[in-house]
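Engineer: Take a look at the following structure, please.
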Ligand code: DHE
């Protein structure tokens, strides 16, 4: 727990350093004083966060106002957020809620000095044993699961053979997206929605370092050589490059368009290990960026290079400069084919997706996509058609329609739209399984049902049901594909272990709203059945 205390002190200092730079826009008399008295110690004078999360509209997008009122009045279970209902009137609670949903002016900044001063290094990983320690109790280090439990903001480490919890530790608030592993599976890196990046040593079960790379962060990627972490931010508009050793800041890449007149939020950044590069999609300008971490990379063409903070001697000038693919539409989400030559991207509002050939830096085809595909959750497999011809297909859930779209990766045409019980987020399989599992968690009536799709017949062949009203979602397989672990997404929830052949439940491991789980081997081997 010591690391947590260290963090609080440092980040509180970081936020106090910029006190009064940003006044709240809600100028109801007295509300600033109320905020200062009751909230600032944990959430920062400037609402940029401290031991509590940042309280900005950009950060609170997923917390509806009635829920915010409830949290202020009643507190939040299993966190340090106390109830203020007995200290504040209903009107004062309302004023505070209005304040935290108001814009701050001038616009918030989180630059190099703030990033640097937020960094906390708890351990020198180079001095810790480079082999699985006693805490892992002899478990196969490549068949561990990392489980993100947002019910009380903890992370669990599970033994994937014994299907038992080995360790549990507190995490940052609201981790989002898949944690990313070092290539050997020893370290795992987490990103929180409010910008914190955490490096955890799985062998020694210690948090190595933390840094706040942004105010509102989308996701993070770790380079295939294990040396770099790239963070995609919504706020500020930037990509932030960290040294994977201790998460120290290496470079900020402002996300400025080619014309140099508009900046953008970053939709997502992913590692493209075979290309030795990161690929990022921008949300507010129609460009996809490829950013090489290859020391032998060719220099970027003149005119496309902006003068970023190049740190002499740290990397070659050709590294970490964006190579742009200019597009006609935005990308909110995208998916790599297994060869990493092509990405399939889509904006949440368009009905057509885009197929982008990275080497040619151009769009080569359109994709017919019905309803808001969640391409980041797409998977591929080998499919043999009725005529006996085998080809690679990709399938993606859709966020606003109960359908799994199956696309032929040779022609980029839809082979089938598999109807499901409702819109869903995730799709998961494994090389050794004939099944893919999907959820309907965006549907009110059917969010408790996982559906099982036969990857050859492309038909729904099974269902796994939780109690009505509960949410059952997000599957990840064990390393050998024998079991599928699903999340019972409740505060007193569980990891539900399902036999991947019989589709029978074999076990439950209690967990507090386990939003996602990630198998070390499936991730580091870039299994075609899981997200990368
Ligand atoms: Fe996610 C991954 C975007 C809302 C849980 N989500 C991702 C990724 C992106 C993304 C781009 C891939 C990042 C990565 O793994 O590096 N998510 C979005 C959205 O745009 C959306 C719809 C709106 C938003 O609030 O940002 C969204 N996501 C949610 C949720 O509401 C979920 C269900 C609950 C939560 O905790 O926020 C949610 N997203 C997840 C999870 C993953 C994820 C569990 C990792 C999936 C994996 O297995 O890799």
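Engineer: Mind checking which residues of the stretch 123-156 are modelled with pLDDT under 95 and touching a strand residue (DSSP E or B) at 6+ places or on another chain (Cβ under 9 Å)?
Structural biologist: Passing the criteria: 123, 124, 125, 150, 151, 152, 153.
Engineer: Continuing with this model, one more query. Being within 15 Å of the ligand (Cβ to nearest atom) and in a strand (DSSP E or B) is the filter; apply it to the stretch 507-532 and report the residue that is farthest from the chain's Cα centre (by Cα).
Structural biologist: The selected residue is 511.
Engineer: Now, a different point. Hey, residue 165 hits all of (1) free of Cβ contacts under 8 Å to residues at least 60 places away in the same chain; (2) away from the ligand (no atom under 16 Å from the Cβ); (3) assigned to a strand (DSSP E or B); (4) within 30 Å of residue 74 (Cβ to Cβ) but one; which does it fall short on?
Structural biologist: Answer for residue 165: the failing condition is (1).
Engineer: Separate question: I'm trying to understand the selection: among the residues of the stretch 389-402, which are within 16 Å of the ligand (Cβ to nearest atom) and outside any loop (DSSP other than H, G, I, E, B)?
Structural biologist: The answer is 394, 395, 396, 398.
Engineer: Name, by its number, the condition in (1) touching a helix residue (DSSP H, G or I) at 6+ places or on another chain (Cβ under 6 Å); (2) more than 24 Å from residue 192 (Cα to Cα) that does not hold for residue 97.
Structural biologist: Single failed check for residue 97: (2).
Engineer: If you don't mind, there's one more thing I want to ask. Among the residues of the stretch 344-358 satisfying the criterion of being farther than 18 Å from residue 265 by Cα and touching a helix residue (DSSP H, G or I) at 6+ places or on another chain (Cβ under 9 Å), which is modelled with the lowest pLDDT?
Structural biologist: Per the criteria, the residue is 353.
Engineer: So, one more: Does any residue of the stretch 489-506 turn out to be in contact with a helix residue (DSSP H, G or I) (Cβ under 8 Å, 6 or more places away or on another chain) and within 13 Å of the ligand (Cβ to nearest atom)?
Structural biologist: no
Engineer: Run down 276, 245, 262 and say which single residue is more than 15 Å from the ligand (Cβ to nearest atom), touching a residue at least 40 places away in the same chain (Cβ under 8 Å) and over 23 Å from residue 117 (Cα atoms).
Structural biologist: After ruling out the rest, the residue left standing is 276.
Engineer: Moving on. Only one residue in 173, 167, 203, 189 is more than 19 Å from the chain's Cα centre (by Cα) and crowded, with 18+ Cβ neighbours inside 10 Å. Which one?
Structural biologist: Only one candidate qualifies: 203.
Table: residues versus (1) assigned to a loop (DSSP other than H, G, I, E, B); (2) within 16 Å of the ligand (Cβ to nearest atom); (3) closer than 18 Å to residue 182 by Cα.
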residue	(1), (2), (3)
138	yes, no, no
147	no, yes, yes
157	no, no, yes
161	yes, no, no
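Engineer: Which of (1) buried (at least 21 other Cβ atoms within 10 Å of the Cβ); (2) part of a loop (DSSP other than H, G, I, E, B) is the odd one out, the single condition residue 97 does not satisfy?
Structural biologist: Just one mismatch for residue 97, condition (2).
Engineer: Another question, then. Which one is nearest to residue 143 (Cα to Cα) among residues in the stretch 403-432 that are part of a loop (DSSP other than H, G, I, E, B) and within 16 Å of the ligand (Cβ to nearest atom)?
Structural biologist: Of everything passing the filter in the stretch 403-432, 430 is nearest to residue 143 (Cα to Cα).
Engineer: Across the stretch 171-207, which residue is nearest to the ligand (Cβ to nearest atom) among those that are farther than 19 Å from residue 269 by Cα and touching a helix residue (DSSP H, G or I) at 6+ places or on another chain (Cβ under 6 Å)?
Structural biologist: 185
Engineer: Keeping to the stretch 248-259, report how many residues are assigned to a loop (DSSP other than H, G, I, E, B) and either in contact (Cβ under 8 Å) with a residue 60 or more places away in the chain or more than 19 Å from residue 362 (Cβ to Cβ) (or both).
Structural biologist: Residues that pass the stated criteria total 3.
Engineer: Counting only residues that are touching a residue at least 24 places away in the same chain (Cβ under 8 Å) and closer than 21 Å to residue 530 by Cβ, how many does the stretch 373-402 have?
Structural biologist: 17
Engineer: Might you check whether a residue that is surrounded by fewer than 20 Cβ atoms within 10 Å (Cβ to Cβ), without any contact (Cβ under 8 Å) to a residue 24 or more places away in the chain, more than 16 Å from the ligand (Cβ to nearest atom) and part of a strand (DSSP E or B) occurs anywhere in the stretch 464-483?
Structural biologist: yes
The values are calculated or read from the model by the stated rules, or taken from the named source; none is laboratory data. Predicted model, so just to flag it, every value in this text is computed and none were measured. Neighbour counts are summed over all protein chains in view; Cβ atoms, including those assigned to glycine, are modelled from backbone coordinates with ideal geometry.
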